[in-house]
Amino acid sequence: MRRVRPVALLLGPDLGAPSGVSTHLSLLFGSKLAEEFSLAHFQVGSEGRNEGLFGRLMRVLGSPILLGLAVLARGASIVHVNTSMDARAYWRDLAYVIAAKLCGARVLYQVHGGALPQQFFGRSRLLSSFLRGTLRIPDAIVVLAREELQAYRGFVPSQRVLAIPNAIDCTLYSSLERPQANAAAPLKLLYIGRVVRDKGLYEALEGLKAAQARGVRANLVIAGSGPEEQSLKRFAEKQGLCGTVAFAGPVFGEGKLQLLAAADVFLLPSYHEGLPYALLESMAAGTPVITTRVGGIPDVVIDGVNGLFVPRRDALSIARAIITLAGDRRALARMSEACKRTIAAGYSVERQSEELCQLYWEMRAAGRVKALPRSR
């Protein structure tokens, strides 16, 4: 007799959208979690929709009602909300949390970066108290990093908070063949992701220019798109970097794998992050990183072992890191192997899906216990 799997609704943007949450959901739909639970996607956000202002307003107002109807129609026992601690996502997803709870579902609230709860409403005690109350509504909160785990447990000590970091399918990267390091060749730097200011890309270009001024041969490929793309191209031209900086546009699949295999260093000097998939993918491919101590990155990167840390908004430190790695290709090769070991040991999708699967079952069991009538 075929076993009926419990239904879990996973909230997030369009699965084809170029975002970390879309990648997260796509991996879960192909994981062991989908064998234990019947997973269904409920789209939130505007990605993949062709709508005007009126259509957007109607979606914002009506989408929580549609979620409630989906919970009831499918008999969903779990609603997995994927959000971030920024104003737009918080207020939008609070409506989904309330709708799911009113319809009897257990709610998992997974936070993909953003501000820590103590900082979210600044110095407003009233709004911070409101935030604390709303964070008690879900049945569990999942964060990506140890720093976030400590912050959320301190902010809502009565809530169940767990750290389950992002993960990737390591098999995609284990067979990549990296060319042997050539000390005479220019250092090949790579960035993959959205082209936005808070990724530190302007500082990256300034750092590259400063390293070149000290005689280092290095080039940079920027793969992605975003609101700063044209401005960044003009900035690169102004810096005289047109011959050593290439804009590749968005890359996926085999094209992304080829870029990762060819790169010597992954450059990610972000101002803030959760735990970026681009970082995990680069390290799984054996590409050491120059990055910042933000979000969950310090949980993965060990300075001098599988990458180098630089302060935020510090172009000269980026330049020094580029000079260091360009001048020691043996150390770069050791870092490459350390990157692969780090990801294989702790950031595989198998590990992530097992932890989420266990959490789903525990949440369902707790819900059944609470639903039992009291004995007289």
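Each reported figure results from applying straightforward, stated rules to the coordinates on display, with no laboratory input. A quick note: this is a predicted structure, and the numbers were derived from the prediction, not measured. Every residue, glycine among them, receives a Cβ derived from its backbone with ideal geometry; neighbour counts consider all protein chains shown.
Brief remarks follow.
- Nearest-ten-degree value, helix 329-346 long axis tilted from longest Cα axis of the chain: 10
- The GNM of the chain, with springs linking C-alpha atoms under 10 angstrom apart, assigns the highest mean-square fluctuation among PRO250, PRO157, PRO138 to PRO157.
- Answer label, with Cα extents along the principal axes in Å calculated from the coordinates and candidates [x] 68, 43, 38; [y] 63, 49, 37; [z] 82, 46, 40: [z]
- Gyration tensor (alpha-carbon) shape descriptor, region 171-346, a/c threshold 1.5: rounded
- Loop sites in region 204-282: chymotrypsin sites (Phe, Trp or Tyr not before Pro), DSSP, at most 14 other Cβ within 10 Å: PHE252, TYR271
- Cα centroid separation, region 272-326 to region 55-118 (Å): 33
- Working ranking of peptides 173-181, 312-320 by packing, defined as the average number of other Cβ atoms within 10 Å per residue, highest first, is 312-320, 173-181.
- The angle between the Cα long axis of helix 253-262 and the main principal axis of the chain comes to about 40°, on a 0 to 90 degree scale.
- Magnitude of the charge dipole, the chain, Cβ model with Lys/Arg +1 and Asp/Glu -1, debye to 20: 1020
- Close Lys pairs in the chain (alpha-carbon distance under 19 Å; sequence gap of 8 or more, or different chains): 12.
- Potential lengthening between GLU237 and ARG92 on full extension [0.36 nm per residue; Cα-Cα distance subtracted]: 48.2 nm
- 3J(HN,Hα) from dihedral phi, region 118-125, Karplus parametrisation 6.51/-1.76/1.60, rounded to Hz, x for glycine, proline: 5, 9, 4, 9, x, 8, 6, 5
- About the Cα centre, charge dipole magnitude for region 171-346 (Lys/Arg +1, Asp/Glu -1 at Cβ), debye: 360
- Dipole of region 171-346, positive end: most advanced residue of GLY240, ASN306, PHE266 [Cβ charges, Cα centre]: GLY240
- Helix 20-29 vs. the chain, principal-axis angle (Cα, 0 to 90°, nearest 10): 60
- Gyration tensor verdict on region 259-376 (Cα atoms; rounded if a/c is under 1.5, prolate if a/b is larger than b/c, oblate otherwise): prolate
- Cα-projected label distance for ARG214 with ARG341, points at 7 Å along beta-carbon direction, nm: 2.9
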